[in-house]
1. Toward the positive end of the charge dipole of the chain, about the Cα centre and with charges on Cβ (Lys, Arg +1; Asp, Glu -1), which of ALA82, GLY115, LEU104 goes farthest?
2. What ³J(HN,Hα) values, in whole Hz, does the Karplus curve 6.51 cos²θ - 1.76 cosθ + 1.60 give for the stretch 191-199 when θ = phi - 60°, with x put for Gly and Pro?
3. Once phi is turned into θ = phi - 60°, what whole-Hz ³J(HN,Hα) does the Karplus curve with 6.51, -1.76 and 1.60 give for every residue of the stretch 127-139, x standing for Gly and Pro?
4. Just the accessible area per residue of the stretch 136-199, please: how many Å² with a 1.4 Å probe?
5. Can you find, among GLY152, GLY140, MET126, the residue sitting farthest towards the positive end of the charge dipole of the stretch 125-173, where Lys and Arg contribute +1 and Asp and Glu -1 at Cβ?
6. Evaluate the charge dipole of the stretch 74-193 about its Cα centre and quote only its size in Debye, nearest 20, assuming +1 on the Cβ of each Lys and Arg and -1 on the Cβ of each Asp and Glu.
7. Measure nothing fancy, just the Cα-based angle from helix 10-20's long axis to the longest principal axis of the chain, in degrees from 0 to 90, nearest 10.
8. Per residue, what volume in Å³ does the Cα convex hull of the chain take up?
Amino acid sequence: MRLVIATGNAHKTEEIRIMLGDLIDEVSDLRAHPEISPPEETGTTFEENAAIKALEVSAALGPESMVLSDDSGLEVDALHGAPGVYSARYAGKAATDVDNRRKLLDEITRAGARGKARSARFRCVMVLARGGNKLGVFEGAVEGIIANEEKGEGGFGYDSLFIPENYCETFGQLPAEVKNSLSHRARALEQVRKALPGHLHA
Ligand code: IMP
């Protein structure tokens with residue numbers, strides 16, 4: 001059984017490969033399937049978007065592949081949960097990670113949030129599917145605060161702005177192993193790890 005991650009984001013696939021690689025031999029993503037166009041994320045919750053991606057891609061690939069989707073994003077309390085499901089396109093449809101981070105810092109400054117008022121969390125919902133059928137929904141979150149300025153070169157997205165609870169450095173500064181041990185995706189993947197063997201041998 002092969003596992004296809006319903007994403008074109010190499011960073012996400014790598015994080016997932018590191019965490020599930022011992023359970024499954026072949027982990028690929030949509031970059032290996034150019035015939036499948038990435039589904040449009042029209043949902044208003046992480047779970048809706050994760051389900052859209054997993055169901056569309058697994059229906060297209062057929063029952064030989066297990067498909068795992070991930071929908072994730074950053075919720076900032078001072079911004080009433082924004083950017084949330086719009087994290088990837090916060091500064092506009094064609095926004096880069098740099099644009100999105102700049103907008104986040106601008107908005108949080110405008111909101112006058114300082115210190116603990118800069119609380120936030122990364123949230124991740126994963127859906128496992130096969131042949132167009134949903135097999136399971138898995139969730140994870142990590143609490144933290146938004147730094148005053150970008151720090152660190154590692155990771156992607158908002159990593160250089162997010163300081164996880166109990167740490168002083170951003171996800172962009174912390175070693176990948178540390179991020180991978182406590183991230184929202186790691187926590188959702190712990191649940192996937194528990195459920196996967198039952199589905200692989202079903
Ligand atoms: P998705 O690909 O629709 O799930 O969009 C997720 C967006 O949320 C990404 O483009 C990032 O902006 C942000 N995001 C999700 N997970 C992470 C992470 O682990 N680090 C930094 N940013 C993340």
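1. So the residue furthest toward the plus end is GLY115.
2. Here the 3J(HN,Hα) series is 5, 4, 4, 5, 8, 4, x, x, 6 Hz.
3. 10, 9, 8, 8, x, x, 10, 7, 9, x, 10, 9, 10
4. On the way: 2940 Å² over 64 residues.
Using a 1.4 Å probe on heavy atoms only, each residue of the stretch 136-199 averages 46 Å².
5. MET126
6. For this selection, approximately 400 debye.
7. That helix lies at roughly 60 degrees to the long axis.
8. 108
The values are calculated or read from the model by the stated rules, or taken from the named source; none is laboratory data. Small disclaimer: the values here were computed from a predicted structure and weren't measured. Here Cβ is always computed from backbone atoms with ideal geometry, including for glycine, and neighbour counts include all displayed protein chains. Calculation scope for accessible area: heavy atoms of the full protein, side chains included, ligands and nucleic acids excluded. Shrake-Rupley method; radii C 1.70, N 1.55, O 1.52, S 1.80 Å.
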